[in-house]
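A.B. asks: Here it is, the structure, as structure tokens.
The values are calculated or read from the model by the stated rules, or taken from the named source; none is laboratory data. Here the structure is a predicted model, which means the values were calculated and not measured. So basically every Cβ, Gly included, is an ideal-geometry build from the backbone, and we count neighbours across all protein chains shown. Just the protein is used for accessible areas: all its heavy atoms, side chains included, with ligands, DNA and RNA removed. Shrake-Rupley method; radii C 1.70, N 1.55, O 1.52, S 1.80 Å.
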Amino acid sequence: MAKLKIEGGHQLNGTVRISGAKNSAVALIPATILAKESVMIEGIPNISDVYQLKDLLEEIGGIVTFENEVFSVNPINMVNMPLPNGRVKSLRASYYLMGAMLGRFKSAVVGLPGGCYLGPRPIDQHIKGFEALGAKVTNEHGAIYLRAKELVGARIYLDVVSVGATINIMFAAVYAKGQTIIENAAKEPEIIDVATFLNNMGAKIKGAGTDVIRIEGVNVLKGCNHTIIPDRIEAGTYMIIGAACGGRVVVDNVIPYHLESVIAKLREMGVRIEIEDDERIVVYGKEDLKMVDIKSLVYPGFPTDLQQPFTALLTKAKGNGIVTDTIYNARFKHIDELARMGADVKVKGMNAFVNGPTHLQGTKVRATDLRAGAALVVAGLMAEGTTEIFNVEHIDRGYEEIGPKLCALGARIWRENITPEEAEILKQS
């Protein structure tokens with residue numbers, strides 16, 4: 001096991017290239033199950049979630065290669081093997097296997113998903129969609145069993161806007177007879193990316209990116225080549241880092257339109273931001289930041305995945321601010337760790353109250369989930385002294401080569417193996 005160490009207080013300058021979108025990759029990879037020919041996806045990020053999914057595809061008979069950001073899958077010999085335990089339990093996005101396997105095989109057995117714990121994240125909307133299409137769904141011994149004689153298109157209204165449910169229903173519906181209509185669908189860029197991939201394989205999906213998606217069932221999905229969109233959450237994280245520690249930081253390989261809410265909030269704080277050629281965002285750091293309130297919302301609102309890193313930035317701003325997360329009620333676990341570093345932040349219900357500016361001090365902290373880990377990286381870069389971040393495996397789930405990318409900007413960040421004494425403390429806590 002390793003830990004990240006950061007020597008804070010250094011100004012950052014230079015260019016960082018953004019990887020493919022993690023939140024797209026974890027859906028695109030299960031989508032390959034639906035194909036009847038080989039498929040290739042370019043730009044897949046080199047992160048641990050991708051390797052977990054690669055292993056799962058190989059477990060059910062897929063022939064998979066992953067080299068130089070190119071993910072190739074031959075799904076012809078895949079079989080409907082139950083996946084009740086193992087890697088499924090450690091991966092939140094494993095629920096996409098339900099829709100993909102149900103779509104292709106008309107049945108599936110998939111363990112309840114794991115990943116970062118961010119409070120209750122029920123899959124009731126997924127199940128509602130599967131049942132509307134004709135599947136019988138049961139929970140047996142901690143695994144979801146899906147069975148259908150046939151799948152038939154239906155009109156499905158999502159009670160809660162859900163990226164996962166929208167994508168899963170799309171997977172199950174591509175082979176269903178007739179038309180499926182998803183109302184109150186999620187509109188995230190990753191939805192459009194997945195729909196584009198499926199359409200490239202021969203699916204008939206219209207309306208992705210709006211709140212009504214229409215899917216005409218087809219008989220076969222062929223192979224294709226697809227290039228993934230850039231990761232807007234990784235891009236937003238480096239924009240936040242640029243605002244906190246720049247200098248002049250160029251965030252390259254981005255779609256600025258995907259980040260409008262983040263750009264607006266940074267500009268509201270007084271950060272200078274320039275957009276170049278619709279693929280680069282230039283962020284200029286600023287010492288005297290103005291405090292703002294943020295509220296996470298479904299897209300195109302402020303992304304919940306950037307709430308935690310942005311909260312770390314707010315500790316540098318002058319004034320009193322309120323951070324509200326309307327998506328996940330347990331997404332404030334980073335607050336206690338920021339407080340250990342000297343932040344004046346308190347949580348009450350769905351709100352965190354930030355008083356600033358505060359002078360952060362490096363210390364030992366723990367990443368409790370992926371984006372909490374990103375928040376601690378932001379804090380460590382701003383802090384005086386050295387910050388040690390444990391449970392770095394959470395960060396590795398979503399950020400490709402975060403250490404080398406930051407070092408290229410001038411940060412001092414490195415990995416060390418944890419000591420036996422530290423391992424014992426982590427085990428007991």
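A.B. asks: Along the charge dipole of the chain, pointing to its positive end and built from +1/-1 on Cβ of Lys, Arg, Asp and Glu, which listed residue (Gly385, Ile76, Gly403) has its Cα farthest out?
C.D. replies: With unit charges placed on the Cβ atoms, the residue in question is Ile76.
A.B. asks: What does the C-alpha gyration tensor say about the overall shape of the stretch 101-245? Classify as rounded when a/c is under 1.5, otherwise prolate if a/b is larger than b/c, or oblate.
C.D. replies: Verdict is oblate for the stretch 101-245.
A.B. asks: So, one more: For the chain, what is the charge dipole size about the Cα centre, in debye to the nearest 20, if Lys and Arg each add +1 at the Cβ and Asp and Glu each add -1 at the Cβ?
C.D. replies: Roughly 880 debye, rounded to the nearest 20.
A.B. asks: So, one more: Taking Cα pairs under 8 Å and at least six residues apart, what relative contact order does the stretch 1-79 come out at, in percent?
C.D. replies: 30 percent
A.B. asks: Something else: Can you tell me the relative contact order of the chain? Whole percent, Cα pairs under 8 Å, sequence separation 6 or more.
C.D. replies: Worked out over the chain, it gives 21 percent.
A.B. asks: Same structure, new question: Counting Lys +1, Arg +1, Asp -1, Glu -1, what net charge surrounds Gln428 among other residues with beta carbon under 12 Å of its beta carbon?
C.D. replies: Value of the local net charge: -2.
A.B. asks: Shifting gears a bit: Compute the helix-to-body angle for 96-105: its Cα long axis versus the longest principal axis of the chain, expressed 0 to 90° and rounded to tens.
C.D. replies: 10 degrees
A.B. asks: A further question follows. Round to the nearest 0.05 the FRET efficiency obtained for Lys204 and Tyr51 when R0 = 35 Å and r is the Cβ-Cβ distance.
C.D. replies: Numbers: r = 32 Å, r/R0 = 0.92.
The pair Lys204/Tyr51 has a calculated efficiency of 0.60.
A.B. asks: How would the chain be classified by its alpha-carbon gyration tensor: rounded, prolate or oblate, with rounded meaning a/c under 1.5 and the a/b versus b/c comparison settling the rest?
C.D. replies: Since a/c reaches 1.5 and a/b is larger than b/c, the shape of the chain is classed as prolate.
A.B. asks: If you don't mind, there's one more thing I want to ask. For the stretch 11-107, with all protein chains present and a 1.4 Å probe, just round the carbon and sulfur fraction of the accessible area to a whole percent.
C.D. replies: 46 percent
A.B. asks: Can you run phi through the Karplus equation (6.51, -1.76, 1.60; θ = phi - 60°) for the stretch 341-351 and list ³J(HN,Hα) in whole Hz, with x for Gly and Pro?
C.D. replies: Per residue, the Karplus-derived 3J(HN,Hα) values read 8, x, 5, 9, 9, 10, 9, 9, x, 8, 10 Hz.
A.B. asks: Charges at C-beta only: +1 for Lys and Arg, -1 for Asp and Glu. How large is the resulting dipole of the stretch 208-263 about its Cα centre, in Debye rounded to 20? Can you show the working numbers first?
C.D. replies: Details: 4 positive and 6 negative charges, 20 e Å.
So the magnitude is around 100 debye.
A.B. asks: Using mean Cβ contacts within 10 Å as the protection proxy, how do 210-221, 131-142, 397-408 order, highest first?
C.D. replies: The packing order, highest mean first, is 397-408, 210-221, 131-142.
A.B. asks: Looking at Thr368, Leu313, Asn417, which one has the Cα that reaches farthest to the positive end of the dipole of the chain (charges on Cβ: Lys, Arg +1; Asp, Glu -1)?
C.D. replies: Toward the positive end, the furthest listed residue is Thr368.
A.B. asks: Let me ask something additional. At a Förster distance of 41 Å, what's the computed FRET efficiency of Ile192 paired with Asn80, Cβ-Cβ distance as r, to 0.05?
C.D. replies: E between Ile192 and Asn80, to the nearest 0.05, is 0.90.
A.B. asks: Using modelled backbone amide H atoms (1.01 Å from N, in-plane), which distant-in-sequence or interchain residues come within less than 5 Å of Arg412's amide H?
C.D. replies: So Arg412 has HN proximity to Glu7.
A.B. asks: So what is the 222 nm mean residue ellipticity for the chain from helices alone, if each DSSP H run of at least 4 adds -39500 (n - 2.57) and you divide by all residues, rounding to the nearest 500 deg cm²/dmol?
C.D. replies: Values: 14 runs with 135 residues, N = 429.
The per-residue figure over the chain is -9000 deg cm²/dmol.
A.B. asks: A follow-up question, please. Spelling out what I want: for every residue of the stretch 309-324, take phi, set θ = phi - 60°, compute 6.51 cos²θ - 1.76 cosθ + 1.60 (Karplus), and round to whole Hz; glycine and proline get x.
C.D. replies: Computed from phi, the couplings for the stretch 309-324 are x, 5, 4, 4, 4, 5, 5, 8, 8, 8, x, 10, x, 10, 10, 10 Hz.
A.B. asks: Give me the net charge for the shell around Asp288: Cβ to Cβ below 15 angstrom, other residues only, Lys and Arg +1, Asp and Glu -1. Could the numbers behind the result be given before it?
C.D. replies: Numbers: positive: Arg267, Arg272, Lys286, Lys290, Lys316, Lys318; negative: Glu268, Glu287.
Once all neighbours under 15 Å are counted, the net charge is +4.
A.B. asks: Give me the percent of the accessible area of the stretch 285-394 that comes from carbon and sulfur atoms, probe 1.4 Å, all protein chains in place.
C.D. replies: Values: 2130 of 4130 Å².
On the stretch 285-394, the fraction of accessible area on carbon and sulfur atoms equals 52 percent.
A.B. asks: With contacts defined as alpha carbon pairs under 8 Å and 6 or more residues apart, what's the relative contact order of the stretch 127-263 in percent?
C.D. replies: RCO, the stretch 127-263: 18 percent.
A.B. asks: Here's another thing I want to ask about it. Taking the dipole about the Cα centre of the chain, with the C-beta of Lys and Arg at +1 and of Asp and Glu at -1, give me whichever of Ile335, Gly209, Val137 is farthest to the positive side.
C.D. replies: The residue sitting farthest along the positive end of the dipole is Val137.
A.B. asks: Please turn the phi angles of the stretch 382-388 into ³J(HN,Hα) values with the Karplus equation 6.51 cos²θ - 1.76 cosθ + 1.60 (θ = phi - 60°), one per residue in order, whole Hz, x for glycine and proline.
C.D. replies: These are the phi-based 3J(HN,Hα) values: 7, 6, 7, x, 10, 9, 10 Hz.
A.B. asks: Shape of the stretch 40-139 from its Cα gyration tensor (a ≥ b ≥ c, root eigenvalues): rounded if a/c is under 1.5, otherwise prolate when a/b > b/c, or oblate?
C.D. replies: It comes out oblate by the Cα gyration axes.
A.B. asks: Separate question: Relative to a virtual label point 7 Å from the Cα of Val220 in the Cα→beta-carbon direction, which members of the stretch 162-184 show backbone nitrogen distances below 19 Å?
C.D. replies: The answer is 174-178, whose backbone nitrogens lie closer than 19 Å to the label point.
A.B. asks: For the chain, what does the accessible surface come to per residue with a 1.4 Å probe? Please give it in Å².
C.D. replies: Roughly 39 Å² per residue, with all protein chains present.
A.B. asks: How far apart, in nm, are the 7 Å Cα→Cβ label points at Arg272 and Leu426?
C.D. replies: The modelled label-to-label distance comes out at 4.2 nm.
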